[in-house]
Amino acid sequence: MNDAVRVDPRDARLCMANLYVAFIALALGGIAGLLQVLIRSGSFILPTWLNYYQVLTLHGVLLALILTTFFIIALFFGAMSRTMGPFSNGTRLWGWVAFWMMTAGTAMAGTLMLLNKASVLYTFYAPLQAHTGFYIGLALVIVGSWIAGYCMFYHYAKWKKENKAKFGPLLGFMAVITMLMWQVATLGVATAVIFYFIPWSLGLVERIDVLITRTLFWFFGHPLVYFWLLPAYAVWYVIVPKIIGGKVFSDSLARLSFILFLLFSIPVGFHHQLMEPGISHNWKYLQVILTFAVVVPSLMTAFTMFATFEMYGRTQGATGVFGWFKKLPWRDARFLAPFLGMLMFIPGGAGGIVNASHQLNQAIHNTIWVPGHFHLTIATTVILTFFGVTFWLVPHLTGRVFTRNMNQMGLIMTVTWVVGMFFMSGAMHLAGLLGAPRRSSFSTYGDAPQAFEWIPYQIAQAVGGVLLFIAIILMLIIFINLAFLSPKGETEFPVGEVADKTERTPVVFENWYLWLGVLAFLIFVAYTYPVMHMIHNAPIGAKGYILW
């Protein structure tokens, strides 16, 4: 394989280091998830040294924050090295600094969660108070991820300087947009952790402003969802067309959708706080409108993907309206996993619209419907796409091949995951409509008749959770095989080419000052007055509670 189309071996080692941490998080978080669904079925009791809220926190932090962040950084480091050449020695050194900082933070926070010193769930809402080390650990993860982002920005700018007449490669552009969004969004949670949680947990201040900290969390919490989704979209737009043998439908459409995601994914956090007092309904209404604006780039993505599939099918001789569907490579796990992830995003996105609607949100807000939606979008759409990436990224980085046996195991893993999620997420949605609460262990609430209605659905969740855990075991076997045991050889890092008859990409898409200016304006409009109102009318604050 030509050296110009592969990841530099020195960059590959950095990518693999991030992937090792990601898959360790998958293993530990998966065990915690299995314990959760078994407990909620009412047929399993934890030993006295371990409680439900410990495993709930571990599951959320390790899978939602650690697995995703390390995996995304590995994917984008690899993509930039593949499409723009090797990182400089200095940039690579800072990449390692970022990795070790994030790993140290993960170890610190993880240890305190295991010791039951930080059972505050992944949202770590005040006034629940964790050990200071938990907050410091999270801060290290965030700062480390900032450094990784700066490495990508520098590499992209360096490439642009050397290729002034060209647009940045599409994958690199998508990496920059994703990390820009992450840099801006994490300012909220970093402010909450550094200026509120750490001084409060150290006892330097007695009380904490609950509303401000929750608002800062959701300034970060909703774009966090798009931090997970945009790398999956990047794979769908650029990688999947190459895997099926087709071409990227439109460079312009792909760039425009990413810019719109950047603009509309951040100033929308209030739609997670629709049920909270202290925020005017007018500001909530504004942010709900901005939330619905995100539907536009989502529909553009759906249109682009199905156009790509149809274009490919027609080149293979497909006829009729849906004849192209039969031409897709269904026996290729590299395609099937992300495709089923895309498919599951249709009901997942519809559920998101329900969640963001004020009146419907009142019905489902504190029910298990919300984790059901979360598992459908992130744990299926995003994670299945990441698993599909693993099938070619890891052997490319390690100089091995994705064998037929591993492909078969990948197909079985994918189907098992989807069936498991059908049972678990479906049961969560239905139980949520019946009023079953979220964030709670098994309880019959004093043998209330309504609580007994939830139990069959909780058993269905356990069945789904067991299937998902089996899929995780299969995925870990595949990862270990591709990293250490598979035969040596060459595996392609697939990057799709843009279709021949596509339009010219507008120069304005790379005007970073313009898009960051628009983003800053939207954030200013959506947050400035309500946050000033919160500060001006702040209550005395809450003391810390440790309820475990």
- At q = 0.25 1/Å the base-10 log of I(q)/I(0) from the Debye formula over the alpha-carbon atoms of the range 81-167 is -1.11
- About its Cα centre, how strong a charge dipole does the chain have in debye, to the nearest 20, once Lys and Arg get +1 and Asp and Glu get -1 at the Cβ? 760 debye
- For the range 165-226, fraction of C-alpha pairs farther apart than 16 Å, in %: 55 percent
- Query: Between the range 1-55 and the range 161-175, what is the C-alpha centre distance in whole Å?
  - Reply: 33 Å
- Task: For helix 132-162, report the angle its Cα long axis makes with the longest principal axis of the Cα atoms of the chain; keep it between 0 and 90° and round to the nearest 10°.
- Result: 20 degrees
- Query: Which percent of the accessible heavy-atom area of the range 80-225 goes to carbon and sulfur, probe 1.4 angstrom?
  - Reply: 70 percent
- Note on the structure: Of the listed links K326/K488; K166/K488; K164/K327; K158/K488; K247/K326; K166/K326, those spanning more than 28 angstrom between alpha carbons are K326/K488; K166/K488; K164/K327; K158/K488; K166/K326
- Helix 210-234 versus the longest principal axis of the chain: what angle, 0 to 90°, nearest 10, using Cα atoms? 20 degrees
- Task: Classify the range 318-383 as rounded, prolate or oblate, taking a ≥ b ≥ c as the square roots of the eigenvalues of its Cα gyration tensor: rounded when a/c is under 1.5, otherwise prolate if a/b is larger than b/c and oblate if not.
- Result: oblate
- Using r as the Cβ-Cβ distance of Y545 and V518, and R0 as 45 Å, what FRET efficiency do you calculate, to the nearest 0.05? 0.65
- Note on the structure: Kirkwood Rh over alpha-carbon pairs of the range 239-392 plugged into Stokes-Einstein at 37 °C, 0.692 mPa s gives a D in µm²/s of 190 µm²/s
- Query: Which trypsin sites (Lys or Arg not before Pro) does the range 205-280 hold that lie in a coil by DSSP with at most 16 other beta carbons within 10 Å?
  - Reply: R207
- Answer rounded, prolate or oblate for the range 401-520, using the Cα gyration tensor with square roots of eigenvalues a ≥ b ≥ c: rounded when a/c is under 1.5, else prolate when a/b is larger than b/c, else oblate. oblate
- Taking a 1.4 Å probe, which of K160, K326 shows the most accessible area, and what order do the others take after it? K326, K160
- Note on the structure: Plugging the Cβ-Cβ distance of N405 and Y285 into 1/(1 + (r/R0)^6) at R0 = 51 Å yields, to the nearest 0.05, a FRET efficiency of 0.40
- Task: Sticking with the crude label model, points 7 Å out along Cα→Cβ, report the distance from E453 to L93 in nm, one decimal please.
- Result: 6.5 nm
- Query: List the aspartates and glutamates whose alpha-carbon lies under 19 Å from that of K284, not counting same-chain residues fewer than 8 positions away?
  - Reply: E276
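Under the classification rounded if a/c is under 1.5, otherwise prolate if a/b is larger than b/c and oblate if not, where does the range 490-548 fall, given a ≥ b ≥ c as square roots of the Cα gyration tensor eigenvalues?
Because a/c hits 1.5 or more and a/b fails to exceed b/c, the range 490-548 counts as oblate.
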- How many angstrom lie between the C-alpha centres of the range 278-347 and the range 352-400? 14 Å
- Task: Report the calculated FRET efficiency for I194 and K166 (r = Cβ-Cβ distance, R0 = 30 Å), to the nearest 0.05.
- Result: 0.15
- Cα→Cβ-extended label distance, 7 Å offset, between L360 and F484, nm: 4.7 nm
- Message: Taking the 0 to 90 degree range and rounding to the nearest ten, how far is the long axis of helix 333-356 tilted relative to the main principal axis of the chain, both from C-alpha atoms?
- Response: 40 degrees
- Query: If you compute Cα Rg over 2.2 N^0.38 Å for the structure shown, which of (1) 1.26; (2) 0.95; (3) 1.18 do you land on?
  - Reply: (2)
- Item | Whichever lysines have a C-alpha closer than 20 Å to that of K117, once near sequence neighbours (fewer than 8 apart) are set aside | K543
- For the range 342-487: Kirkwood Rh in Å [reciprocal of mean 1/r, alpha carbons]: 16.7 Å
- Query: What does the accessible area per residue of the chain come to in Å², with a 1.4 Å probe and no ligands, DNA or RNA counted?
  - Reply: 40 Å²
- Query: Could you give the semi-axes, largest first, of the ellipsoid that matches the range 227-313, computed as the square roots of 5 times the alpha carbon gyration tensor eigenvalues and rounded to whole Å?
  - Reply: 33, 11, 10
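The values are calculated or read from the model by the stated rules, or taken from the named source; none is laboratory data. Predicted model only: the values in this text are computed from it and were never measured. Note that each Cβ is placed from the backbone with ideal geometry, even for glycine, and that neighbours are counted across all protein chains shown. Accessible surface areas use protein heavy atoms only, side chains included; no ligands, DNA or RNA. Shrake-Rupley method; radii C 1.70, N 1.55, O 1.52, S 1.80 Å.
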